[in-house]
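Data block below; observations after.
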Amino acid sequence: MANYGMVINLNNCVGCAGCDIACKTENNLDHDVHWSFHVTETTGVFPNVGYRYIPKMCNHCENAACIKACPTKAMHKDKNGLTLHDADKCIGCRSCQLACPYGCISFNEEVQHQLRMDTEPLLAGMTSCGKDISKKFDNVPIPNYNPDRAKTYDGVRRKGIVEKCTLCDHRIVDGKNPWCVESCPADARIFGDFDDPNSEVSKLVAENSSFQLLKSKGTKPKVYYIDEF
């Protein structure tokens, strides 16, 4: 058992959004679904201007509002402190989405990627359609598909349910880091166990000034930001 979370070093972060792209490819996300995303803020008046680039994701809160709001216990905690979602229990009421103060939960109006599986090429004789590409890769459900995602969660999520970041629980069970952590070119993301005082994430929070998003909401988020410039 562990208490997994993340530290994001804002001084290292170069704002490339590589984490956002990596998350999409790892988790088979549609174009309008964002488990990993970012916000930018510009404050002040020239020449006294401040700028913030904040990577965001599910905070896997210790006191998760989404879990409290879910009437079917579809949103739940696993043994490692991850906030996960059971699609079989989800009734699509979206209570969790409304309760989350971070805007990190999406709702699937349709089966994910449905519009990408076009059957006709955009330019006849020049481009391929999604159906043709799928056939060339052993009939994968979508042209760009990662089968590893389906180890612990639907590879392509169904209609009428919510979904969100799982901290790549399918990778964690194999002793690997979340894919956004592995893909960051600046090593700005650090993943680990906050219950282990000797873990890198515990040491970083103990040794640096840090902040959490919307800490006043009482959710006890487990994503910490350090070294803001």
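Points to keep in mind about this one:
- Under the convention that each Lys and Arg Cβ holds +1 and each Asp and Glu Cβ holds -1, the size of the dipole of the chain around its Cα centre is about 580 debye.
- CD proxy at 222 nm, helix term only [per DSSP H run n ≥ 4: -39500 (n - 2.57); per residue of the chain; nearest 500]: -4500 deg cm²/dmol
- Using C-alpha pairs below 8 Å separated by at least 6 residues, the relative contact order for the stretch 36-128 is 18 percent.
- Of 93, 150, 127, farthest towards positive along the dipole that unit charges on Lys, Arg, Asp, Glu beta carbons give the chain: 93
- Net charge of the neighbourhood of residue 214, taken over other residues with C-beta under 12 Å away and scored Lys/Arg +1, Asp/Glu -1, is +4.
- Seen from residue 43, the other residues with C-beta closer than 15 Å to its C-beta sum to a net charge of -1, counting Lys and Arg as +1 and Asp and Glu as -1.
- Distance between the stretch 45-69 and the stretch 117-188 - C-alpha centres, whole angstrom: 26
- Qualifying aspartates and glutamates (Cα of each under 12 Å from Cα of residue 215; at least 8 residues distant if same chain): 62
- Top of 88, 30, 187 by mean-square fluctuation, Gaussian network on the chain, Cα under 10 Å: 88
- Candidate values (i) 0.95; (ii) 1.00; (iii) 0.93, label of the one derived for Rg/Rh (Cα atoms, Kirkwood Rh): (ii)
- Local net charge near residue 104, Cβ-Cβ under 11 Å (Lys/Arg +1, Asp/Glu -1): +1
- Seen from every direction in turn and averaged, the convex hull around the alpha carbons of the stretch 121-219 projects onto 11.0 nm².
Computed from the coordinates by the stated procedures, all read-outs in this text should not be read as laboratory data. Because the structure is predicted, anything quoted here is derived from the model rather than measured. Because the Cβ atoms are built from the backbone with ideal geometry, glycine has one as well, and the counts that use them run over all protein chains shown.
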